[in-house]
Structure formats: structure tokens, C-alpha cells
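Right, one structure below, let's go through it.
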């Protein structure tokens with residue numbers, strides 16, 4: 001199973017440097033189309049989506065996810081969005097644990 005990130009062009013390079021497969025999209029409509037295709041392909045175990053593109057990825061592909069356990073969909077904060085002051089790595093770690101029920105080391 002693959003891990004992928006659905007991102008805008010600004011944040012894509014960082015995820016690529018981390019060794020993740022990245023799908024670059026320009027807007028919400030394209031993000032929804034690409035995410036639906038990725039879900040239907042069935043090759044992905046986890047797809048992380050930048051929240052500025054799709055704030056609720058689960059809702060965006062609700063129909064495509066019917067009857068499927070995978071992929072897990074994870075919403076990542078958009079770069080530059082003011083948050084709680086939590087370190088980004090810690091935030092992502094907490095989201096993955098909440099989504100999957102255990103820690104995944106990449």
C-alpha cells in the first residue's frame with residue numbers, strides 16, 4: 001500500500017523531500033477529482049490532503065469510500081495557517097495516531 005499527499009504546488013516539494021508520493025492540484029475541484037481517482041484505484045493505504053484544498057476529505061469522497069476501509073484520509077494543515085502553536089511534526093503525528101490508532105514511522 002502506498003502513502004500519498006494531495007498538495008498545492010507550494011507545499012509539494014517538502015513532502016517529496018520526505019520521500020512521499022505527491023499529487024499536485026490547483027484548486028478544490030481538481031483536488032476532489034484526483035482524490036476520488038486515488039480512492040478508486042485502491043493502491044493507497046493513507047492519503048493526506050492539505051486542508052486548504054479540501055477541508056473535509058472524508059466528505060468529499062464519501063460515495064467512493066462506501067464499502068472500503070482504505071485508504072485512510074488525513075487532513076493536514078495548510079502551510080502558513082496559524083494554529084495552536086504546536087510543532088508541525090507533532091501535529092501530524094497526533095493526527096495519524098487519531099486516524100489509525102497507532103503511530104507510523106516514515
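The values are calculated or read from the model by the stated rules, or taken from the named source; none is laboratory data. All values derive from a computational prediction rather than experimental measurement. Glycine also receives a Cβ, built like all others from the backbone with ideal geometry; neighbour counts cover every protein chain displayed.
For (1) over 14 Å from residue 5 (Cα atoms); (2) at pLDDT 90 or above; (3) outside any loop (DSSP other than H, G, I, E, B), each residue gets a yes or a no:
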{"position": "23", "(1), (2), (3)": "no, yes, yes"}
{"position": "78", "(1), (2), (3)": "no, no, no"}
{"position": "91", "(1), (2), (3)": "yes, no, yes"}
{"position": "94", "(1), (2), (3)": "yes, no, yes"}
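Would you call residue 54 touching a strand residue (DSSP E or B) at 6+ places or on another chain (Cβ under 9 Å) and at pLDDT 90 or above? Explain how you work it out, then say what you get.
Working: touching a strand residue (DSSP E or B) at 6+ places or on another chain (Cβ under 9 Å): yes; at pLDDT 90 or above: yes.
Against the criterion (touching a strand residue (DSSP E or B) at 6+ places or on another chain (Cβ under 9 Å) and at pLDDT 90 or above), residue 54 qualifies.
Among 98, 36, 82, which is surrounded by fewer than 18 Cβ atoms within 10 Å (Cβ to Cβ), at pLDDT 95 or above and more than 17 Å from residue 12 (Cα to Cα)?
Working: 98 fails: at pLDDT 95 or above; 82 fails: at pLDDT 95 or above.
Answer to the selection: 36.
Kindly indicate the residue of segment 61-72 that is touching a strand residue (DSSP E or B) at 6+ places or on another chain (Cβ under 7 Å) and not in a strand (DSSP E or B) and also nearest to residue 7 (Cα to Cα) among those meeting that condition.
71
For segment 1-17, give me the residue count where each residue is farther than 15 Å from residue 34 by Cα and loosely packed, with under 13 Cβ neighbours inside 10 Å.
Within segment 1-17, residues that are farther than 15 Å from residue 34 by Cα and loosely packed, with under 13 Cβ neighbours inside 10 Å number 3.
Please enumerate the residues belonging to segment 47-74 that are under 16 Å from residue 99 (Cβ atoms), touching a residue at least 40 places away in the same chain (Cβ under 8 Å) and surrounded by fewer than 20 Cβ atoms within 10 Å (Cβ to Cβ).
If the condition is that a residue be under 16 Å from residue 99 (Cβ atoms), touching a residue at least 40 places away in the same chain (Cβ under 8 Å) and surrounded by fewer than 20 Cβ atoms within 10 Å (Cβ to Cβ), then 70 is the only one that fits.
If you go through segment 25-60, how many residues are in a loop (DSSP other than H, G, I, E, B), in contact with a helix residue (DSSP H, G or I) (Cβ under 7 Å, 6 or more places away or on another chain) and within 15 Å of residue 77 (Cα to Cα)? Give the derivation first.
Step one: of segment 25-60, the residues in a loop (DSSP other than H, G, I, E, B) are 25-27, 42-43, 51-56.
Narrowing further to those that are in contact with a helix residue (DSSP H, G or I) (Cβ under 7 Å, 6 or more places away or on another chain): 25, 53-54.
Of the ones still in play, those that are also within 15 Å of residue 77 (Cα to Cα) are 53-54.
Counting residues in segment 25-60 that are in a loop (DSSP other than H, G, I, E, B), in contact with a helix residue (DSSP H, G or I) (Cβ under 7 Å, 6 or more places away or on another chain) and within 15 Å of residue 77 (Cα to Cα) gives 2.
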